[in-house]
1. Within region A:394-440, take every residue that is more than 14 Å from every other protein chain (Cβ to nearest Cβ), free of Cβ contacts under 8 Å to residues at least 60 places away in the same chain and in a loop (DSSP other than H, G, I, E, B) and give me the one that is nearest to A:Pro160 (Cα to Cα).
2. How about region A:114-152: which of its residues are among the β-branched types (Val, Ile, Thr) and within 27 Å of A:Ile208 (Cα to Cα)?
3. Exactly one condition in (1) modelled with pLDDT of 90 or more; (2) surrounded by fewer than 19 Cβ atoms within 10 Å (Cβ to Cβ); (3) within 14 Å of chain B (Cβ to nearest Cβ) is false for A:Leu451; which is it?
4. Show the residue pairs meeting these rules: Cβ distance below 6 Å; 6+ apart or different chains; first residue within region B:242-253 and surrounded by 13 or more Cβ atoms within 10 Å (Cβ to Cβ); second residue of a type in the set (Gly, Ala, Ser).
5. Which of the residues belonging to region B:23-50 are part of a loop (DSSP other than H, G, I, E, B) and among the basic types (Lys, Arg)?
6. Take region B:195-220 and flag every residue that is at pLDDT below 90, in a helix (DSSP H, G or I) and polar (S, T, N, Q).
7. For region A:414-423, state whether one or more residues are at pLDDT 85 or above and over 27 Å from A:Pro272 (Cα atoms).
8. Just name the residue that is nearest to the chain's Cα centre (by Cα) out of those in region A:124-149 that are among the hydroxyl-bearing types (Ser, Thr, Tyr) and surrounded by fewer than 22 Cβ atoms within 10 Å (Cβ to Cβ).
Amino acid sequence: MDPLTWTGSIAFLNPLLGIALAIMVLSILVWILASIVLPEPQMTVNPDGTLTSGSGVRNFIQSMMRLSFLASVGLGVAYIVLGVLLGTGAGIIGAMSQQFLPVWVSLIILYAMSIAYKRRLGLYGKLFDSPIGMIGFGLVMFWVFTGIFGAMDLIVTHDPLSQVSGMKNKVPGTPLPASEDGAYAWYLLGGDNLARDVFSRMVKGAWIVVQIAPLATMFAFMIGITLGLPAGYYGGRLDTLLSFLANLILAFPVILLFYLLVTPEIVATGVPNYMAAILFVFPIIFLGVLLNSRYYTRPKFRTPLLIGVLGVAGWLYLSLISTGGYVIDTDDYRIWGLPTPLDLFDIPGGILVVFVSVVFVNSPTVFRIVRGLALDIKTRDYVAAAQTRGEGPWYIMLWEILPNARGPLIVDFCLRIGYTTILLGTLGFFGLGLPPESPDWGSTINEGRKLLSIYLHPALPPALALLSLVLGLNLLADGLREESLKD
Amino acid sequence: MLLTALCLTFLVFYLTNLYPNLEKLAKTQGNFRMSDEQVESFLEKGGYLQSTPVKYGEWLGVLPSYRHTNEDGTVQGRCILPGQTAEESPNFCGILQGYWGYSTVFKEEVSTVVGNRLALTGRLMFWVMLLMVPSALILGILAGMKEGSATDRTLSTFAITTTATPEYVSGVIFIAIFTSSAVGLKWFKGTATQAMENPTFENFFLPVLTIALYGMGYIARMTRASMTEVMTAQYIRTARLKGVSFPNIVMKHALRNALIAPFTVIMLQFPWLLNGVVIVETLFNYKGFGWALVQAAGNNDIQLLLAISVVSVFVVLVTQLISDIGYVYLNPRIRIS
């Protein structure tokens, strides 16, 4: 087998893309300079009532910018389409786009469906009116689909943990020395320090982020909302106490907190299990209060609903916090948990402690945001109306204040998933929590950086992957903010 | 504020004094093959086996510190420094007496360790601020002058990209591009170890740039938001209608009001920069405050960790205070009422 080049037979596109990108960068720079230096275009009113703007230089630069941008995007799409068709014939890029084929298909289906039905989809549909939001959403969904399909072993070319002798630190596109039948014949993005496939590790790493980050953010939001709403609504001593606690956690440097919480020694004492047991109660309280406050006037409907929902939530809670039949299992003492046959899933101690500490770090900020929103909204007329109707405080908080605070909260949710992704990467970067051979992006960057001056390829793919995912989330949040402001 | 500091240090104290952590400390101080009894006796000698509140009181200096009489009759204790006898050493030694303890990793007094490291980090931060604040403000003001223009779009995209790039990603990318032999530019040095004695542009610029970029995007976006808000205000419209030139409007009318919000943001950025400092100092091997934090936490150096958390909490609280005071000073509406 020959080693693959980057673009293979579609190399004729490279100079074109180079020219298009150069023109785009140049025109953007000229545009910025021109908009500072040149006078504003003079609008002249024609006799027939139409407007013409004067300055031809500006229009020229602007059209150059638009054309070169379109050309670059078109060329990028051409790379992918040709790559899917030609496969390894089109070099590493072609082979990678072919591996990502399920992701492209799902993205196209998702976009086609969403754009077709966008008027019926509320805020989500409006996202497709803003180009920035669409780009962001595309980036995010790309990694989400990559994570899901990667977990189903569709995209990966090799096992992320297996080592192939002779592939240590090999450059991208190196063929395997002795390829067996059915195995993929190349390391598309090269081999890392331990002769593992960089491409497969990057894809598998996406699954870890896609699993943990949104879930951890959701838990942080439930905790922040359950505590922040009463703090803002009631005020007084409760508010003082909770705000003090939140500020206490916020005054901690995050990394010091991680170093104190996420070490094997602390896991051995069972502290994370206690914290998990406390923190994960909040979603149940949230659900219970949410449903009870709404339906308590109809006990016949409320009681079975609450029993059902809380039963399922309680079961999930118990199977979440108990491992191997125990909630806490240290050398000194044990606390009984759910018996093993009923236990739905086990979370390894390393993942649990990462999850708990990320939730713990994020929830005070959410608390402060929710509290501020509640303070603002509780003075509105509709809250006063609900109070006059004699609604309970929890009904007002959860069904009057919370829905009206949803705009900023949704935007912050997107931003916070990005921030959680960064935190997960930080943990991996310092080698905390997750096992050292795990393919998550932070650990891979940390491993790759040690040889960075000689071999670039092990560290750069996960770094760029993390960058694009967080960028996508930020752009998505920006698009959502723009669209929700338009209402 | 004092209460916050007390609570936080107690929390750190509690977590570092959990038994598995003490065991790790004993094993890194003694040797890794100590039996359980040896660990026990080591901890007993150092006074680590008292109850946590008592030890915390000793660290604060409100309780007389622990002393252990060895078999041969010599007395050792926290307050007895090498070369002192038990009689001449004071009974109380804690931070109230100005004694910060002895670092078990660096084999030095904590106060000297923290002082030296802080000086190094201070130099890093000074250059970061010098690079970050002006460029962020210029970016934000240029973007906010005309909302929705191409300049605004480009600069905002740039700002979003930098906020989406954590230090360990941008640092790795910079090292890859500018220092590695694979790309071949080799403009800068990949480590900043030499910069501790002899900072030059070549070995110091990359760490500074890495920290500054991450914080810059956020400040620029805040500046842009506040600038766009000011530019839509009534008095700006009046000035335009009077025929004041556009540069004059921006420089004389809008700027002062637009800078109130970013000031608070810049002050509140300090705690975040601390995170960046830890990552960048590890990445570039610059042995400052953040590097010391990693070393202390990795080896469970209790005294040093406590001192570090005191310093960082102090930084956080002081910057909050400054931002509140500065806000009042800058905003005439609050000052006069």
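1. A:Pro436
2. Those that are among the β-branched types (Val, Ile, Thr) and within 27 Å of A:Ile208 (Cα to Cα): A:Ile132, A:Ile135, A:Val140, A:Val144, A:Thr146, A:Ile148.
3. (1)
4. B:Ile249/B:Ala239; B:His253/B:Ala239
5. Hit for region B:23-50 is B:Arg33, nothing else.
6. Within region B:195-220, B:Asn203 is the sole residue that qualifies.
7. The first filter runs over region A:414-423 and keeps only residues at pLDDT 85 or above, leaving A:414-423.
Now drop any that are not over 27 Å from A:Pro272 (Cα atoms), which leaves none.
No, region A:414-423 contains no residue that is at pLDDT 85 or above and over 27 Å from A:Pro272 (Cα atoms).
8. A:Tyr124
The values are calculated or read from the model by the stated rules, or taken from the named source; none is laboratory data. For clarity, every value in this text was computed on a predicted model and none was experimentally measured. Note that we place each Cβ from the backbone using ideal geometry, even for glycine, and neighbour counts take in every protein chain shown.
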